[in-house]
Amino acid sequence: MILPIRSYGDPVLKKMAEDIEPGHPGLKQLIADMFETMYEANGVGLAAPQIGQSIRLFIVDASPFAEDEDGKPTEDAHLKDFKKVFINAYIVEEEGEAWPFEEGCLSIPSIREEVYREPKIVIQYQDENFKEYEEEFDGFAARVIQHEHDHLDGVLFVDHLTPMRRRLLKGKLRDISRGKTDVKYKMRFTPVK
Ligand code: NI
């Protein structure tokens with residue numbers, strides 16, 4: 001089932017998400033619905049707060065970047081297996097010289113801005129079977145994880161911008177929160193005051 005994606009301005013996006021336990025009610029269906037919702041919106045990542053649930057869960061799938069239109073491996077061929085579920089995830093290390101990348105977010109349609117993040121991370125998490133991992137990621141994979149992990153802590157990519165840049169975007173962000181945006185997927189808007 002496709003779930004409406006919460007817009008910028010929704011208080012759930014500013015909340016610190018809670019850990020979940022094995023046997024969390026409806027978890028399997030929720031994960032399936034989140035994948036369906038993410039694919040429908042052409043996203044590479046989606047965090048549970050974005051569909052209104054303040055729990056430490058996010059999903060990623062960057063595997064489409066591993067192949068070109070003809071099915072040939074691209075320079076991002078290593079992303080082929082980068083389809084994952086992260087539960088109770090915590091980034092425990094970030095290192096290297098921060099690099100810029102133009103990020104977007106399904107909760108903030110039509111805005112893309114350069115965000116600086118460190119290139120290498122170590123993350124502790126559990127998969128959909130609550131098996132525990134501590135893994136290292138770098139490059140684009142690390143970038144996607146950092147963005148989604150931020151959602152669990154109530155942080156959006158626009159929060160990383162300079163105060164000046166944010167000020168320039170204020171009107172646009174207000175419009176998005178009011179649904180004044182051209183979006184092709186299902187959203188639920190909460191106007192900011
Ligand atoms: Ni996002």
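The values are calculated or read from the model by the stated rules, or taken from the named source; none is laboratory data. The model shown is predicted, which means the values in this text are computed figures rather than measured ones. A quick note on method: Cβ atoms are made from the backbone with ideal geometry, for glycine too, and the neighbour counts reach across all protein chains shown.
Considering only residues of segment 143-157 that are touching a residue at least 60 places away in the same chain (Cβ under 8 Å) and outside any helix (DSSP H, G or I), which is nearest to the chain's Cα centre (by Cα)?
LEU156
Of everything in segment 22-37 that's more than 13 Å from the ligand (Cβ to nearest atom) and within 21 Å of GLY154 (Cβ to Cβ), which residue is surrounded by the most Cβ atoms within 10 Å (Cβ to Cβ)?
Here the answer is LEU30.
Can you spot a residue in segment 88-98 that is closer than 15 Å to GLY43 by Cβ, of a type outside the set (A, V, I, L, M) and touching a Leu at 6+ places or on another chain (Cβ under 9 Å)?
Within segment 88-98, the first condition is being closer than 15 Å to GLY43 by Cβ, and the residues that meet it are none.
Within segment 88-98 (the criterion being closer than 15 Å to GLY43 by Cβ, of a type outside the set (A, V, I, L, M) and touching a Leu at 6+ places or on another chain (Cβ under 9 Å)), the answer is no, since none of the residues qualifies.
Going by the conditions given, is VAL44 among the aliphatic types (A, V, I, L, M), in contact with a helix residue (DSSP H, G or I) (Cβ under 8 Å, 6 or more places away or on another chain) and under 29 Å from VAL192 (Cβ atoms)?
Taking the combined requirement at face value, the residue satisfies it.
Among what's in segment 38-71 and is among the acidic types (Asp, Glu) and in a loop (DSSP other than H, G, I, E, B), pick the residue that is surrounded by the most Cβ atoms within 10 Å (Cβ to Cβ).
The residue in question is ASP68.
Checking GLU95 against (1) under 17 Å from the mean Cα position of the chain (by Cα); (2) surrounded by fewer than 16 Cβ atoms within 10 Å (Cβ to Cβ); (3) more than 23 Å from ALA77 (Cα to Cα): exactly one of these is not met. Which one?
(1)
Out of segment 101-112, which residues are surrounded by 20 or more Cβ atoms within 10 Å (Cβ to Cβ) and either more than 15 Å from the chain's Cα centre (by Cα) or closer than 16 Å to ILE176 by Cα (or both)?
CYS105, LEU106, SER107, ILE108
Please state which of the following conditions HIS147 fails to meet, knowing it meets all the rest: (1) exposed (fewer than 14 other Cβ atoms within 10 Å of the Cβ); (2) within 16 Å of the ligand (Cβ to nearest atom); (3) within 30 Å of ASP81 (Cβ to Cβ).
The one condition HIS147 does not meet is (1).
Within segment 2-45, can you find the residues that are in contact with a Phe, Trp or Tyr (Cβ under 6 Å, 6 or more places away or on another chain) and under 19 Å from SER177 (Cα atoms)? If you could, list the steps in order and put the result at the bottom.
Narrowing segment 2-45 to residues in contact with a Phe, Trp or Tyr (Cβ under 6 Å, 6 or more places away or on another chain): 7, 22, 40-41.
Once the filter is applied, which keeps residues that are in contact with a Phe, Trp or Tyr (Cβ under 6 Å, 6 or more places away or on another chain) and under 19 Å from SER177 (Cα atoms), segment 2-45 yields SER7, ALA41.
Any idea how many residues of segment 102-140 are within 16 Å of the ligand (Cβ to nearest atom), closer than 24 Å to ALA66 by Cα and at pLDDT below 95?
Summing the residues that are within 16 Å of the ligand (Cβ to nearest atom), closer than 24 Å to ALA66 by Cα and at pLDDT below 95 in segment 102-140 gives 1.
Residue by residue through segment 158-180, note down the ones that are more than 15 Å from the ligand (Cβ to nearest atom), touching a strand residue (DSSP E or B) at 6+ places or on another chain (Cβ under 8 Å) and not in a helix (DSSP H, G or I).
GLY179
With respect to LEU79, determine if the residue is outside any strand (DSSP E or B), at pLDDT below 95 and away from the ligand (no atom under 16 Å from the Cβ).
Answer is yes for this residue.
Only residues in segment 74-100 that are without any contact (Cβ under 8 Å) to a residue 12 or more places away in the chain count as the first member; pair them with residues that are among the hydrophobic types (A, V, I, L, M, F, W, C), Cβ under 7 angstrom, at least 6 apart or cross-chain, and list the lot.
THR74/PHE65; THR74/ALA66; ALA77/ALA66
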